[in-house]
Structure formats: structure tokens, C-alpha cells
Amino acid sequence: DAIDTGAYKLAIQTCNKLLKKNPKSDIVKTLKSLALLRSSKLEEAIQLCDEIVASRPTDEDVLSALTHVLRHLERHEDIVALYEFAFKKQPQNEDLGTQAFMAMVRIGQWKTAQQVSLKLSRTFSNDHRFLAWSVTSALLQACDPLTPENTKPILLTLALRLFQQIPAQFASFSSPDMLHLHLEILLAFPEPKLEEAYELLSTDESRKMVESSLALDEKRRTVWFDLGKYGEERNLSQRRLEEGDRNWLSFLSYLNSTIGIAASSSLGADRTIQSLLTETSTFLNGLATKDGRKDRGAHLARLELAKRMHACTLLLEQNGLLSLMKEYIVNFSDKACCFEDLRPYVDVLSSEGELKAWLQYLLVQESNVATAPALLQTLTVSKLLRYSQRSSVDSSPLSEEARGIQHFRSYLEAVGLVGLDLESTELQPADDLALLSASSFVQAWVDIIVESCTPLHQAIVVLEYASSRSVHKYQFRLLLVRIYLLLGAHSLALQHYKRLRIKSVQHETLSHFILTRGSTFSVALNGELTMIQEALDASQIYSDNIIEVGWLPSVTTISYTPDMLTKALQHEKYSQISNFIDFEDRLDRSLQRDLIKIEHIRMRLAVEPPSQDTLSIEISELDFLLFSGKVHHDNRDYSILPNYQPRGTSIEEQTSMGPRPGVIFFLWDPRRQRLI
């Protein structure tokens with residue numbers, strides 16, 4: 001009770017009294033170790049913990065309490081060894097066996113996890129989960145990069161045989177997750193068992209599950225396309241669309257299967273490519289007419305088909321893509337997503353005639369910010385007009401500054417008319433006009449011949465004012481961070497970065513905005529020491545990432561990715577396991593993680609030179625980072641910075657302090673001189 005209430009001093013005193021009466025009590029020693037640990041008396045806690053581990057306790061209560069201590073000390077191997085020993089001593093204890101299995105899962109010991117779960121399945125044959133766990137462990141061991149290639153087929157064959165031993169009422173057709181597990185095994189072989197997967201998915205039971213599971217439908221689609229069954233896929237997608245399915249994946253599947261039929265010469269004697277495309281276009285036109293403005297899916301599918309035909313010079317009609325783009329603006333220009341929807345199709349307008357006609361159409365559109373729908377239409381047209389231009393031809397410093405001023409005036413007018421009565425927590429509908437204005441000033445700074453920071457100062461004025469009106473518009477602050485860093489105003493950049501309130505895994509994707517080349521400011525005469533703390537804060541995610549799992553009985557917060565794996569296994573969510581494994585791998589081999597370490601070492605060495613005792617440690621850490629040959633995952637998010645610049649340019653590149661640090665940073669020739 002004292003530990004639960006945080007009275008750790010009282011807990012230690014109570015444990016000492018009990019130990020005087022019973023000095024060999026493992027449970028009292030364990031509770032004392034836990035109290036010492038939470039009192040920050042680390043050395044005493046470790047010493048007592050070592051004593052308990054050496055005694056190899058088998059009592060469940062002792063092991064449960066000791067696990068809390070060992071996890072905090074990151075001694076996961078000790079947890080595995082203790083539970084494995086206890087289960088060997090008490091092979092009929094289901095709880096001990098389960099805990100031993102989960103401990104092995106947490107540290108990725110798939111081989112021993114498979115053996116323990118198989119033993120559990122034979123001892124407690126009434127619980128089908130144990131055999132499913134053994135199957136999953138064998139599959140994960142086969143998919144582990146450290147597993148030799150010649151061993152993988154053996155493990156997959158073992159997983160398949162074990163799966164076939166699961167009672168029929170609990171096997172493939174018992175739940176979507178069990179069917180997903182079966183498919184994963186079949187598709188994981190070096191030569192995927194596509195025909196077996198196809199037969200499995202062709203049953204009535206499978207079809208019902210596929211209709212209700214996106215994960216299963218993705219697997220089914222992969223099998224169909226790999227086997228070249230484009231006709232079946234096209235018919236299925238068409239039926240779903242006719243029945244009202246408006247998932248974009250269904251539209252893509254319909255288009256991809258149509259292109260697959262055309263490319264595979266499986267049309268039949270009575271059909272040509274042109275007739276197939278005309279039939280597809282007619283079908284999508286019918287859906288678009290039926291949906292009207294209610295749904296964008298069919299309209300976007302028409303654009304996608306026209307884009308693909310445009311790339312192959314197979315036009316369904318003259319200027320087909322351009323006319324569809326104009327029609328899309330008429331229908332959906334008052335939606336905030338219209339620009340993002342049309343941008344991929346603007347990119348394929350390559351001929352001068354098409355581009356000129358498109359720009360002329362945009363220029364004649366009316367500009368009006370008096371109402372919210374009119375403002376959204378104006379924003380859509382302004383973004384498309386700016387993006388459709390070519391920076392080298394259609395822009396100059398003076399014209400860009402003029403556009404920046406014009407957009408800011410429109411922003412001020414719109415704020416006064418549309419966003420005047422909004423709560424302080426709401427975003428202004430005209431926010432993107434401020435972003436357009438700032439983007440124009442940045443472009444003017446890039447194009448200017450005489451070195452001058454005036455356009456950047458103008459961009460800052462616009463963004464600072466706009467961020468005061470929309471305090472939660474994170475794009476303003478990200479762009480301000482970039483511009484302030486260009487001007488050397490690092491403390492101001494850090495202020496805006498902190499206001500973003502970045503949490504958890506967002507550090508992995510966004511910390512590069514402030515930490516890339518952060519040592520540049522930390523090593524100055526008035527070095528920014530808070531940068532070192534920011535690097536430490538951003539690195540915290542790699543040791544204790546926290547995720548909310550919504551499919552549990554109640555929304556539960558789970559620390560550490562391994563805990564997500566154990567929860568998925570307990571609740572038989574086998575379709576989620578590969579995602580958790582991939583998530584953990586992307587964090588463990590994160591490029592940004594190692595770049596932060598390099599920057600942190602640079603900043604720390606400039607402020608606090610290494611001593612004789614720490615120099616060898618610093619060199620060893622650098623050697624591991626730079627020469628280990630580890631394959632990195634780049635999870636940094638650059639697309640979050642809104643880009644409304646003319647085609648061929650990017651505001652991310654324009655506001656960067658230099659070339660983007662990448663994997664090449666860790667591919668140095670070992671023969672080069674190593675410098676600190």
C-alpha cells in the first residue's frame with residue numbers, strides 16, 4: 001500500500017522490519033528493491049535485485065514484482081531466464097508458461113517463444129491460442145532479417161503445419177485475424193503459394209470476411225494481381241462500386257485491373273483497348289453523374305484514368321484531361337482539398353497549349369472573399385494558379401513581392417469578413433492566403449539578385465500576424481522555424497517549435513525542423529544550450545514510445561512497442577503484429593535517431609570537452625554510428641510543410657539551411673581519417 005501511494009520511505013522501513021523477522025523472504029526483498037528503485041536509490045536497488053535473481057525464485061508474486069524492477073533496469077534477459085526456469089520447475093502452471101512466452105516476445109526471442117508456446121499447446125490443449133502463438137512465433141522467426149535464408153522455408157513449413165493442427169472451429173474461417181495469419185504464412189515463402197492463397201480466398205466464408213476487413217482485402221488484391229486475374233478483380237471492383245462502395249482503393253483496383261487487362265492482351269476477340277477504355281470511362285461517368293457533388297471518388301477516378309491515358313497518348317477525347325480538371329473545379333473548388341486533389345494532374349500538363357489553356361481558365365475565375373464558400377473557391381484557384389506557373393519564366397522578385405502583398409491584403413479582408421466571430425481556438429478560413437503571401441515573399445528572396453533579407457522579413461511579419469489569429473495553425477510555425485533559422489535567429493525558431501507541443505512519435509518525424517545542423521548555433525560564442533536539452537527530449541521516444549491502442553476493451557495506453565505485441569497476441573489481433581514489428585524496426589533503425597546523436601555529440605563536445613575517462617566511450621559511440629553499416633529508415637516528414645511554390649521549386653528546399661542530411665552521411669570510407 002505504501003508503494004502504491006508513493007510513500008516509498010515508509011515502504012522501505014516496513015520492509016526492513018519484516019526482513020528482521022524473516023530475512024529470507026523473497027517477496028519482501030523484491031518489494032524493498034522496488035521501493036528503493038522508485039526512491040532513486042539505484043545502487044541499493046540493483047544490489048538487492050541481483051541477490052534475488054541469483055536465488056532464482058519460482059513464486060508468481062515474487063516474479064511479478066521483480067519484473068517491474070528488471071524492466072526499469074532494462075534487464076529483459078533476466079526476466080526471460082527467471083520465467084523460463086520457473087516454468088520448467090512447474091510445467092503444469094499455465095500462468096508461468098504464458099509469462100515466459102510473453103517475456104520472450106518482448107525481446108524478440110522467437111525460437112524459444114515458439115518452443116514454449118508449443119509446449120503450452122500440448123499441455124493445455126483446450127486453449128487454441130497457444131498453438132496460434134507457436135505459429136506466429138515461427139512466422140516471425142522466418143521473417144526476422146537475422147534468420148539465415150536457407151532456414152526460412154523450413155520455419156514457414158513448420159508454421160504452416162502447426163496452423164493445420166489448429167481445430168477447425170478456431171482455424172482460418174473462425175475470424176478475419178486467423179485468416180490473415182494463414183495468408184501471411186502462404187505469402188511469406190520465397191516462392192509465394194499464390195494458388196493455395198487463391199483457393200483459400202475463393203471460399204464463401206473467406207468472401208464474407210474480406211468484405212468486412214480492409215487488411216484481408218489488401219491481401220486478396222495482392223494475390224489476384226500477382227496471379228494476373230485482372231478480369232475477376234475488375235468485375236469485383238465494378239460490382240462493389242455499383243453497390244455504393246466509394247473507397248478510393250476500390251476505384252484504384254478497378255483502374256489497375258483495367259490497365260492490367262489492356263497490357264496483358266487478355267481482351268478477347270471481340271474487344272479492343274479503345275473499346276475497353278471507352279467502357280471504363282462510360283462506367284465512371286455514370287457514377288460521377290449519380291454522385292454529383294455528394295462524393296468526389298468517381299470524379300477523381302475519371303481524372304486518374306485520363307491521366308494514365310494522357311501518359312500513353314491514348315486520349316479518349318481531345319483535351320480530355322484538361323476538360324475534366326475544369327469540371328472538377330466547377331464541382332469542388334469550394335472544398336479545402338480541391339488543390340491537393342488536382343495537383344498530381346497539373347504535373348502532367350506538359351504541352352505549351354495545355355498549360356496555356358489551363359492558366360487562361362484560372363485567370364478568368366472571379367476572386368471573392370466575402371463568404372466562406374467564395375473564399376475557399378478563391379483559395380483553390382489562387383493555389384492552382386501559383387502552382388501551375390514556372391518559376392524561371394513566370395516570376396521575378398518584383399512580381400513575387402507584388403503577389404505577396406496582394407495575398408496579404410486579401411487575407412486581411414477575409415479575416416475581417418469571414419473569420420471575425422470565430423473563437424480563439426478556431427482556425428481562420430483565410431489562413432492559406434497568409435501562407436500564399438509568405439510563399440511569394442520567400443520566392444522573391446530566392447529570385448533576388450542583390451543579397452537582401454527584406455523579403456524574408458516581410459514573410460515573417462505575415463506569418464507572425466497570422467499565427468496570432470490562428471494559434472493552432474502549425475504550418476505557420478513550421479515555416480517560421482525555417483525562416484528564423486535562415487536569419488540566424490535560433491531562439492525565436494525554438495520558441496515557435498516548442499509551441500507546436502510535439503509529442504511521442506512526432507519527434508521522430510518533425511524534430512529535423514529544429515535539430516538539423518543544430519550544432520551550428522550551439523557552438524557559437526553565446527551558444528544556445530537549450531538545443532542540447534531539445535536533442536535529449538527528441539530522443540526520448542526511442543526509449544519509451546507511448547501508443548494508444550483503441551481495439552482493447554477500453555482505450556489503453558501502452559509503453560514500449562514490445563507491450564503492443566503482447567497485447568495483440570493476448571487479444572488474437574494477428575493482423576496487427578506485422579505492423580508493430582515494422583514500427584519497432586523503423587524506430588530502432590531510424591536515420592533521424594542517429595543524426596540526433598551526431599548533433600548531440602557535436603554540441604556537447606563544444607560545451608564540455610571529453611575527459612580522459614570519457615574519450616574512449618565517445619570514440620566508440622562514433623565508430624558504431626558511422627561505421628556499423630546499419631541500414632537506416634528515413635521517417636522524417638517534409639511534406640507537412642505546405643508547398644504552393646511554382647512547379648519545379650519547393651519551399652522546403654528554398655528554406656533549408658543546406659543539403660538534406662541523408663543515409664550517405666553514414667557511408668563514409670573507413671580508410672578516411674576519423675575526426676571528432
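The values are calculated or read from the model by the stated rules, or taken from the named source; none is laboratory data. What you see is a predicted model; the values in this text were computed from it and never measured. We place every Cβ from the backbone using ideal geometry, glycine too, and count neighbours over all the protein chains shown.
Give segment 35-56 a look and list any residue that's part of a loop (DSSP other than H, G, I, E, B) and at pLDDT 90 or above, or say none.
Residue satisfying the conditions is 56 alone.
Any residue in segment 625-632 that is at pLDDT 75 or above, assigned by TED's automatic domain parsing to the domain that holds residue 522 and surrounded by 15 or more Cβ atoms within 10 Å (Cβ to Cβ)?
Checked against the condition, which is being at pLDDT 75 or above, assigned by TED's automatic domain parsing to the domain that holds residue 522 and surrounded by 15 or more Cβ atoms within 10 Å (Cβ to Cβ), segment 625-632 yields at least one hit.
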Flag for residue 88 being free of Cβ contacts under 8 Å to residues at least 12 places away in the same chain and within 30 Å of residue 127 (Cα to Cα): yes
Mind listing just one residue for me: the one in segment 433-490 that is free of Cβ contacts under 8 Å to residues at least 40 places away in the same chain and of a type in the set (D, E, K, R) and, of those, farthest from residue 407 (Cα to Cα)? 451
Counting only residues that are assigned to a helix (DSSP H, G or I) and more than 17 Å from residue 301 (Cβ to Cβ), which one in segment 330-342 is nearest to the chain's Cα centre (by Cα)? 339
Select, from 212, 174, the only residue that is touching a residue at least 12 places away in the same chain (Cβ under 8 Å), farther than 26 Å from residue 150 by Cα and within 31 Å of the chain's Cα centre (by Cα). 212
Residues of segment 251-267 classified as without any contact (Cβ under 8 Å) to a residue 24 or more places away in the chain and either among the hydrophobic types (A, V, I, L, M, F, W, C) or on the phi < 0 side of the Ramachandran plot (or both), total: 3
Surrounded by fewer than 20 Cβ atoms within 10 Å (Cβ to Cβ), touching a helix residue (DSSP H, G or I) at 6+ places or on another chain (Cβ under 9 Å) and at pLDDT 85 or above: does that describe residue 487? yes
Check 32, 88, 21, 17 and return the single one that is of a type in the set (D, E, K, R), out of contact with any helix residue (DSSP H, G or I) (no Cβ under 6 Å at 6 or more places or on another chain) and under 18 Å from residue 2 (Cα atoms). 17
Is it the case, given these coordinates, that residue 293 is modelled with pLDDT under 95 and surrounded by 14 or more Cβ atoms within 10 Å (Cβ to Cβ)? no
Just to be sure before I move on: is residue 30 out of contact with any strand residue (DSSP E or B) (no Cβ under 6 Å at 6 or more places or on another chain), among the β-branched types (Val, Ile, Thr) and under 18 Å from residue 98 (Cα atoms) in the structure I sent? no
Of the residues 391, 351, which single one is surrounded by fewer than 14 Cβ atoms within 10 Å (Cβ to Cβ), modelled with pLDDT under 90 and either over 34 Å from the mean Cα position of the chain (by Cα) or farther than 20 Å from residue 463 by Cβ (or both)? 351
Determine which member of the set 202, 257, 213, 175 is hydroxyl-bearing (Ser, Thr, Tyr) and surrounded by 21 or more Cβ atoms within 10 Å (Cβ to Cβ). 257
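For residue 196, are the conditions met, namely being within 28 Å of residue 83 (Cβ to Cβ), of a type in the set (Asp, Glu) and assigned to a helix (DSSP H, G or I)?
No: the conditions fail for residue 196.
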How many residues are surrounded by 13 or more Cβ atoms within 10 Å (Cβ to Cβ) and either at pLDDT 65 or above or within 15 Å of residue 513 (Cα to Cα) (or both) if we restrict to segment 661-676? 3
Scanning segment 567-605 for residues that are over 29 Å from residue 128 (Cβ atoms) and touching a Ser or Thr at 6+ places or on another chain (Cβ under 6 Å) gives 596, 599, 602, 603
Can you find a residue that is small (Gly, Ala, Ser) and either in contact (Cβ under 8 Å) with a residue 60 or more places away in the chain or assigned to a helix (DSSP H, G or I) (or both) anywhere in segment 217-230? no
If I filter segment 447-473 down to residues being surrounded by fewer than 17 Cβ atoms within 10 Å (Cβ to Cβ) and among the small types (Gly, Ala, Ser), which single residue comes out as nearest to residue 653 (Cα to Cα)? 452
Which one is surrounded by the most Cβ atoms within 10 Å (Cβ to Cβ), of the residues in segment 1-34 that are farther than 22 Å from residue 76 by Cβ, of a type in the set (Ser, Thr, Tyr) and modelled with pLDDT of 85 or more? 14
Which number in (1) farther than 20 Å from residue 512 by Cβ; (2) modelled with pLDDT of 75 or more marks the one condition that residue 601 misses? (1)
Please determine whether any residue of segment 422-433 is in contact with a His (Cβ under 9 Å, 6 or more places away or on another chain) and of a type in the set (D, E, K, R). yes
From the options 608, 653, residue that is surrounded by 13 or more Cβ atoms within 10 Å (Cβ to Cβ), out of contact with any strand residue (DSSP E or B) (no Cβ under 8 Å at 6 or more places or on another chain) and either closer than 26 Å to residue 582 by Cβ or modelled with pLDDT of 70 or more (or both): 653
Could you identify the single residue in 113, 103, 142 that is farther than 17 Å from residue 562 by Cα and in contact (Cβ under 8 Å) with a residue 24 or more places away in the chain? 142
Under 25 Å from residue 180 (Cα atoms) and part of a loop (DSSP other than H, G, I, E, B): is that true of residue 584 in this structure? no
